[in-house]
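See below for the structure under consideration.
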Amino acid sequence: MLSNASTVIKRTIAVPGDVIVVDKDTVVEGSNLYKIDENRYIVTSISIQDLEQEGDKKKIRVIGLKGRYIPKEGDTVIGIVSDVSVTYWIIDIRSPYPAILNASDYLGRPFNPATENIRKFLEIGDVIIAKVAQFDRTRPPLLSVQDKGYGKVTEGLLIEIEPSKVGRVIGKKRSMLNMLIEETKCNFVVGANGRILLKCPNSELEYIAILAIKKIEEEAHTLGLTERIREFILSEKVKRGLIRYEA
């Protein structure tokens, strides 16, 4: 158990079939839950179960440790073109549901396949950053690249982690992600589907960033992770002569 003046966090491991019983004032968060009724939920995959309390407010967060990515509207994802049609691309987003990106959305204008070749813009294997614009499980997820920062990726290193560990890479109020940026000087684009795009000042910092992300993935179930990862990064920088050790 970890506590401070206003918050208590109790962390346990939940397995498929566990029933979570709550009172009406407790907030429950987690995509890997099946709601039985107003007070009971069934856990559907092996998960971390956090109980947080601040004053009279209680929250239970259930975070899956394994599982495929299930798209949600508004998610930022990093996709790879897996096939090309006449007017759209099929995008691999590490989900049971291949996604669709229409040429008209990518170009921001009407697209005429009679006069233009769609492969001129994106080819199989190309990487994109996109937003899940529509998804209801009755049809493939529809992607959009019309917001700032979205579109074709032309540089950087792509790595993959379990989609369920993305929340730990970002951290509460972006605490982990901000620390990673500060300590490695790398730019991170974290997709909800478990793909992370890195752009780093040099290969040494890039390697340290990769090690840190993999360590977060391995130790996602533990408490005090942000400071432990900070110490790990600092030790790796000392080991590689990027900074001097200060006692």
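Where a number appears in this text, it was derived from the coordinates with a stated rule and is not lab data. What you see is a predicted model, and the numbers here were worked out from it, not measured in a lab. Cβ placement follows ideal geometry from the backbone for every residue including glycine, while neighbour counts extend to all protein chains displayed.
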Simple Cβ-charge dipole of the stretch 1-134, Lys/Arg +1 and Asp/Glu -1, about Cα centre, in debye nearest 20: 160 debye
Taking N as its residue count, the alpha carbon Rg of the stretch 157-239 over 2.2 N^0.38 Å: 0.97
Burial ordering of 195, 230, 119, fewest other beta-carbon atoms within 10 Å first: 119, 230, 195
For the stretch 37-154, average projected area of the Cα convex hull in nm²: 10.6 nm²
The stretch 157-239, relative contact order [Cα under 8 Å, separation at least 6], %: 32 percent
Lysine pair number, Cα distance threshold 15 Å (strictly under), the stretch 157-239, separation 8 or more or different chains: 4
About the Cα centre, charge dipole magnitude for the chain (Lys/Arg +1, Asp/Glu -1 at Cβ), debye: 160 debye
Candidate aspartates and glutamates for bridging to residue 57, where Cα separation is under 13 Å - those fewer than 8 sequence places away on the same chain excluded: 23, 25
Residue of 226, 12, 184 that the Gaussian network model of the chain assigns the largest fluctuation, springs spanning Cα pairs under 10 Å: 12
Least to most buried among 233, 210 (fewest other Cβ within 10 Å first): 210, 233
Global form of the stretch 2-64, assessed from the alpha-carbon gyration tensor, a/c cut-off 1.5: oblate
Sequence of 227, 217, 116 once ranked by neighbouring C-beta atoms within 10 Å, starting from the fewest: 227, 116, 217
